[in-house]
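Quick notes on the structure that follows.
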Amino acid sequence: MTKQRKLLILALILISMTVVIGCFIKPAFNMYLLYSRLDSEGLKADARIIKKETQTDSSFLGLFSSHAANNLIRVEFEDLRGNAHESVLGVSRLFYEEYAVGDVIQVLYLRDDPKQCKVAAYVESTKFMSKFVIICGAIAWLLFVLLPGIVVTLVISRAEGVEIKLDINEMRCPECCLSMQEGYVPLISGVNWRRKEESVGLLTVFSGLPGTVWWNPFNRPKLPGFHCPRCKVILFKYQN
């Protein structure tokens with residue numbers, strides 16, 4: 001298996017792991033943003049409990065929180081303008097058992113979106129818990145994606161590869177017949193070759209000539225060749 005193929009497989013694995021960890025962190029990140037807003041700009045209101053129910057919670061945050069949304073209470077409250085709102089809130093088992101239908105509790109809601117309403121007593125603790133989950137996810141990404149990816153990439157990049165060489169001492173320009181300068185062409189996305197009668201089509205890194213695409217971030221491809229600055233002609237070799 002070539003180094004390019006190994007690096008491509010490694011990149012796909014790292015991207016997949018990043019997506020998985022990202023899916024883990026995203027709900028916690030959204031929750032952290034909401035509770036941060038409630039903590040800093042939330043408005044307090046007295047809400048009356050109008051219904052209590054239990055529901056199985058499939059959220060992963062239920063593993064970390066004692067007030068997961070499997071214990072639900074439906075409350076109604078009025079905002080500063082006197083408009084009535086209803087909201088379903090997740091509470092702890094202790095809170096659920098302590099309060100009955102008809103009791104009044106304090107909630108925090110957003111002025112521009114009163115439906116974003118949470119029990120005031122839980123805002124600070126849930127904000128901390130969601131931040132903890134985000135930090136754990138970031139550490140997991142660092143330990144299981146970034147660092148191993150760097151190490152494996154370095155190992156693969158240092159493995160022996162095929163070096164393109166020119167067994168030509170001197171090259172003369174096909175137009176002026178004078179000696180050409182020896183050097184190389186640094187590449188990134190590859191060289192796409194088409195015959196004279198072919199259309200351009202869609203140019204991608206997968207249609208580049210072998211050895212001309214920059215798959216390895218630590219070993220940029222160099223195409224050895226000859227250049228005639230007088231006639232603006234370049235001759236290069238892309239594979240042994």
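What follows is calculated from the coordinates using simple rules that are stated; it is not laboratory data. Just so it is clear, the model here is predicted, and its values are computed rather than measured. Every residue, glycine as well, gets a Cβ built from its backbone with ideal geometry; the counts of neighbours run over all protein chains shown.
Here are some notes:
- Theoretical ellipticity at 222 nm over the chain - DSSP helices of four or more residues, -39500 (n - 2.57) apiece, nearest 500: -10500 deg cm²/dmol
- Net charge of neighbours whose Cβ lies under 10 Å from the Cβ of E175, counting Lys and Arg as +1 and Asp and Glu as -1: +3
- Square roots of 5 times each gyration tensor eigenvalue, C-alpha, region 93-149, largest first, Å: 36, 15, 7
- Here, the chain is characterised by an Rg to Rh ratio of 1.32, where Rg is the alpha-carbon radius of gyration and Rh the Kirkwood radius.
- Dividing the mean sequence gap of close Cα pairs (under 8 Å, 6+ apart) by how many residues the chain holds gives a relative contact order of 19 percent.
- Were the residues from K222 through K237 laid out at 0.36 nm apart, the gain over their Cα-Cα distance would be 4.4 nm.
- Links that overshoot a 27 Å alpha carbon limit, given the list K52/K131; K26/K51; K6/K26; K51/K131; K196/K222; K196/K237: K52/K131; K26/K51; K6/K26; K51/K131
- At least 24 Å along the helix axis (C-alpha) and Kyte average at least 1.0, DSSP helices within the chain: 123-141
- Projecting the Cα atoms of V75, Q106, I9 onto the dipole axis of the chain, where Lys and Arg carry +1 and Asp and Glu carry -1 at the beta carbon, places I9 farthest toward the positive end.
- Cα-projected label distance for C176 with A84, points at 7 Å along beta-carbon direction, nm: 9.1
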